Amino acid sequence: MTRHFLRDDDLSPAEQARVLELAADLKAAPYDALHHPGPLAGPRTVAMIFDKPTLRTQASFAAGIAELGGHPMLVDGTLAGIGVRESVEDVARVLGRQASVIVWRTFAQDHLETMAAHAGVPVVNALTDDFHPCQLLADLLTVREHKGELAGLTVAFVGDGACNMGNSWLLAGATAGMHVRVSSPEGYAPGPDMVEAAAVIAAKTRGSVALEPDPVAAVTGADVLVTDTWVSMGKEAEAGARGEVFAAYRLGVELVAGAKPDAIVMHCLPAYRGKEIDAAVIDGPQSVVWDEAENRRHAQKAVLTWLMEPRDE
Ligand code: NVA
């Protein structure tokens, strides 16, 4: 059966732990696959399509695929006109005949699901409006490096909880057995379906999920603080209004002081200093954002390796 990585809960707790372990191994020995036949040796081609802007995702996938002995093929989403010039189904059938894996950053999660249903090869979510699961694997790898075990840690996500990063932290954090608090202004909390899905996972992993609109209460005693832009890609027209709504949710020095003294601060980037995070925080001693950015490569290599493993059926 072809497996895909379309949302964070596509990995069971055991699978997530295994992928993170593999990511740590690949970080320790990044070029091993070039010396032994790696999962993408051949080289096998991985198609990458970006319908939204990208820096980290394109760079880390391209570098990681090369380190696995594979070939990154950039498909220009604008030229291809996916869903406009050709249906998602037909693009999936065509790319599935050329590439061993398809990595796609797009808007609608259901388009990604359609791609997965028709490609015949694994499909990876490189960010949609709803989820950013590759970022979460990098983030969890980063937390592991700085804190050891993930299970039992408390993470506070402060900001736009209704965006892809809020949803992904709920699902991936719960899968890892963490206590996930999401703090957002009214109207910007994750949807009840997402909270419920995460709560079901957390009940099995002994983690928990909670919505806490008060940012001060949310960060109190937390081990990990996370924020993200208040204006996700595609929401640019709302930038002005959002700046006012989110003003109390900025990760500033005072808010960070409410967390544990050794709390780490995370941001998937790009960051807007003075908006969702102060320069003193993102450029300060508790920030681990550059580790996160680097870990995208190691985590994605692990996902690609896991997806390429032979499976029965
Ligand atoms: N929530 C952000 C994440 C950027 C990596 C966005 O979708 O723009």
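Please treat every number below as a calculation from the coordinates, not as lab data. Note that the structure is a prediction, hence the values are computed from the model and not measured. Glycine gets a Cβ as well: all are built from the backbone with ideal geometry, and neighbour counts include every protein chain shown.
Charged side chains reduced to their Cβ positions (Lys and Arg at +1, Asp and Glu at -1) give the chain a dipole of some 560 debye around its Cα centre. Against the compact-protein benchmark of 2.2 N^0.38 Å, the Cα-based radius of gyration of the stretch 186-236 scales to 1.34.
For the chain, the residue among 63, 197, 151 whose Cα projects farthest onto the positive side of the dipole built from Cβ charges is 63. The Rg/Rh ratio for the chain is 0.96, where Rg is the radius of gyration of the alpha carbons and Rh is the Kirkwood radius. Relative to the Cα centre, the charge distribution of the stretch 106-208, modelled as +1 at Lys and Arg Cβ and -1 at Asp and Glu Cβ, gives a dipole magnitude of about 480 debye.
Helix 192-205 axis versus longest C-alpha principal axis of the chain: approximately 90°, rounded to the nearest ten. If the segment from residue 151 to residue 311 were pulled out straight at 0.36 nm per residue, it would be longer than the present Cα-Cα gap by 54.8 nm.
Projected over all directions and averaged, the alpha-carbon convex hull of the stretch 10-152 occupies 9.1 nm².
Note on 236, 15: ascending count of other Cβ atoms within 10 Å places them as 236, 15, the fewest first. Binned at 5 Å from 0, what are the whole-percent values of the Cα-Cα distance distribution for the stretch 1-54, short to long? Taking all Cα pairs of the stretch 1-54, the binned fractions are 4, 14, 14, 21, 25, 19, 4, 0 percent. Evaluating kT/(6 pi eta Rh) at 10 °C and 1.306 mPa s, with the Kirkwood radius of the stretch 98-191 over Cα pairs in the Stokes-Einstein relation, gives 111 µm² s⁻¹. Just grab the label-to-label distance for residue 245 and residue 87, each label 7 Å out from Cα along the Cβ direction, in nm (one decimal). Reported label-point gap for residue 245 and residue 87 is 3.5 nm. In terms of other Cβ atoms within 10 Å, 54, 78, 229 run from fewest to most in the order 78, 54, 229. Positive contributions from Lys and Arg (+1) and negative ones from Asp and Glu (-1), summed over other residues with Cβ under 15 Å from the Cβ of residue 132, come out at -4.
Ordering 222, 103, 84 by the projection of their Cα atoms onto the charge dipole of the chain, which places +1 on the Cβ of Lys and Arg and -1 on the Cβ of Asp and Glu, puts 103 at the extreme positive end. For the stretch 43-83 versus the stretch 199-263, the spacing of their alpha-carbon centroids is 31 Å. Taking other Cβ atoms within 10 Å as a rough exposure proxy, 181, 297, 206, 3 sort from fewest to most as 206, 3, 297, 181.
Cross-link partners for residue 204 among the lysines, with Cα-Cα distance under 29 Å and sequence neighbours closer than 8 places in the same chain left out: 147, 260, 301.
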